[in-house]
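Here the structure is laid out as C-alpha cells; the discussion comes afterwards.
The numbers here are math on the coordinates, done by the rules we state, and not lab data. These figures come from a predicted structure and were not determined experimentally. Neighbour counts run over all protein chains shown; Cβ positions are idealised from the backbone, glycine included.
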Amino acid sequence: MSSPFSSLSKIRRMPLQLQPTEKKAGPLPINIQNEDEAAMMDEILGPGAQIPVQINLPSCSNGATAQSTILGNAPTDMELMTSMMQKIASLEQKVKSQAQAIQEKNKKIRELEEQIKTFQKRTEKTSPGATRVEELEMLCLQLQRQVWEMERFLNDYGLIWVGEDPDSLRELESREEEESLTSRTFWKPGEAIISETPINFDLIFKNLTDLNVLAGEGVSQIKHTTGGARLKRLDSVPITFYQNGIVMFNGPFRSYEEPSTQRCLRDIMDGFFPSELQSRYPNGVPFQVTDKRDVFFQERKRPGYFPGFGQAVGRSKPSGIKETNEISGPKLTMEQFLNKLPKSLVRDGQVINIREDLKKTLQGLDGAQSHEVVLVETPSLTALRKRLEGKQKIEGPDGNISTLRIKSEDGEKTYIVKMSFTETIGDLRQHLAQNRGEALEPYEILTTFPLRVYNDDAVSLEEYGLVPNAFLLLRKKLSPTKAGRE
C-alpha cells in the first residue's frame, strides 16, 4: 500500500511564474565608503571593472529564497590570482636587478677608493718637502767632505781649525740661503740650453791667439815703485786642455759636460772673451794655453765611488792616452796660504794674529823647522815597508791603516804612528812607550776640537772615530783636585 504522501511526490510541480519587470538585470552599484579601498580595487581589478552581485529571489515551494548570481564583466578569482602573481614576479625581478646594480656600484666605489689611496701615497712620496730633504742631505755630505779635506790639509802642518765667530757664521748662512732662493726662483736660460755643437779645438786655439793679441800679450807696462819705476808684463791666465776637460788657474778640474765649461768654450769659439772672467779682468787678459789633449785627467775619487774605469758597449779606449791626476802649474805657497786667512781674530776679548802665529808654527822663528818629527815603529809600518821592499804594486793606501799625528806635551816633537783600525788606545800607549821610554809621567791623550780625552784603553781607534787619520795631543795627567776645578 502506498501512503498518500508518496503519491504527492510523483506529481511534478511547476514553479510559479514571476511577474515580468521592466528593469533589466545588471550589476548593482556598490557604494564604497572608503576611497583607499576604491583605489585598491581599481589597482587590482583595473579601472571600470564590475563586481558580481547576488540577488535573492523568493521560491514558491518552500518559501526559501533562491540565490541567483548575475555576473557582469568582473574577473574571476583565478584571474585575480594570476594578475597578482604576475605583478609580484615583476616586482621581484625589479628588486633583483636593482640589487645587482647596487653591487656593481659598490664594487666601482671600492675600486675608486683604492685608486685614490694609491694616488695619495704617490703624492706623499713625491712631495716638495721630501725633495728638499734630499737636497739638504746631499749638501750636508758635500760640506762634510770639504771639512774633512780641510782638516787633512791642516793636520799635515800640525794645525787645528778653530772656526769663526758664531754671529758671522749665522750671517753667512742667511746670505747663502737668500742666494739659493734667488737661484731657484729665477730661470737661467744659459743653464737650460744644452749645447749640441761639438767642440772645435782648432777654432778655440786660433781665437785664443787673437784674444791674446788684443789683450796685449808680450807688452810690458810701467809699474811705479818706491825708488822709481820698472817694466812688468801683464799677468796671464793659465788654461790647460785635457781629453775630458780643462783646468783654469790652479784648478779645480772642469769637465766638458759641465754647463759652465760649455759656456766658456762657446764664448771663445764665438770670438769673445769668456764672460766668467769679465768681472775679474774687465780689460781682458792673455791666456797661457797648454795642450794636453792626449792626457786623460783622472779626478780624485770620493768615498763610495766605483774604483775602476767605466766601459761603454761598442767603444774601445785608445791605448795611447796617458792619465794624470795632478794639476800642472805652481803649487800653493805658504804666503799664498796665509793670505787666504784673516789677519786677526777676536776671541774672549783678545786679538789673535792668526797669520803670524801660523807662520811661526809652520816655519819657526828663525825660518827653520821648530820641532822634530818622529816616525814610530809599529807592525802596520813594518808591513808597509815589506810590501815596498818586495816591489809589489800598490794601487792605493791600505784602507785599514790609520795615520795618527801626535804632538808631545812640550810641543817640540810630533810622533807619526800608523796603526790598524782594530788596535786600541792601549796599543797606542805601548807604541809611544817603546819610543819615549817607560820612565815618563802619566799623560792623557786628547783632541782639542772637539775637546775630548781618550782614557779607555780597551776601545779601538775605529770606535773612537780616529780613522783614517787624526791629530792628537799629549797632556800631563791632571791631579784630582785640579781636574775637579776644571
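Go through 386/476; 343/407; 359/386 and tell me which ones have a Cα-Cα distance over 29 Å in this structure.
386/476; 359/386
At q = 0.12, 0.24, 0.26 Å⁻¹, work out log10 I(q)/I(0) for region 201-291 with the Debye formula, treating every Cα as an identical point scatterer and leaving solvent out; two decimals please.
Taking Cα atoms of region 201-291 as identical point scatterers yields -0.41, -1.33, -1.51.
Multiply the residue separation of residue 152 and residue 258 by 0.36 nm, subtract the distance between their alpha-carbon atoms, and state the gained length in nm to one decimal.
Gain on extension, residue 152 to residue 258, equals 35.4 nm.
Let me spell out the model: positive unit charges on the Cβ of Lys and Arg, negative unit charges on the Cβ of Asp and Glu, origin at the Cα centre of region 201-291. What dipole size does that give, in debye rounded to 20?
500 debye
Give a quick list of GluC sites (Glu not before Pro) in region 211-278 that DSSP marks as loop, anything other than H, G, I, E or B, with at most 10 other Cβ atoms within 10 Å.
Here the sparse-neighbourhood loop sites are 257.
Which of the three applies to region 409-460, rounded, prolate or oblate, going by the alpha-carbon gyration tensor with a ≥ b ≥ c and a/c under 1.5 meaning rounded?
rounded
Points 7 angstrom from Cα along the Cβ direction at residue 103 and residue 384: gap in nanometres?
7.9 nm
Provide the percentage of antiparallel DSSP beta bridges, counting only those with both residues in region 201-291; round to the nearest 5.
DSSP beta bridges in region 201-291 are roughly 70 percent antiparallel.
Got a sec? How would 272, 287 order by Cβ neighbour count within 10 Å, fewest to most?
272, 287
How long is the gain from residue 357 to residue 276 if the chain were fully straight, where each residue apart is worth 0.36 nm and the alpha carbon distance is subtracted?
Going from the current span to full extension adds 25.6 nm.
Check residue 157: other-chain or 5+ apart residues with amide H under 5 Å from its amide H, H built from backbone geometry?
Long-range HN contacts for residue 157: none found.
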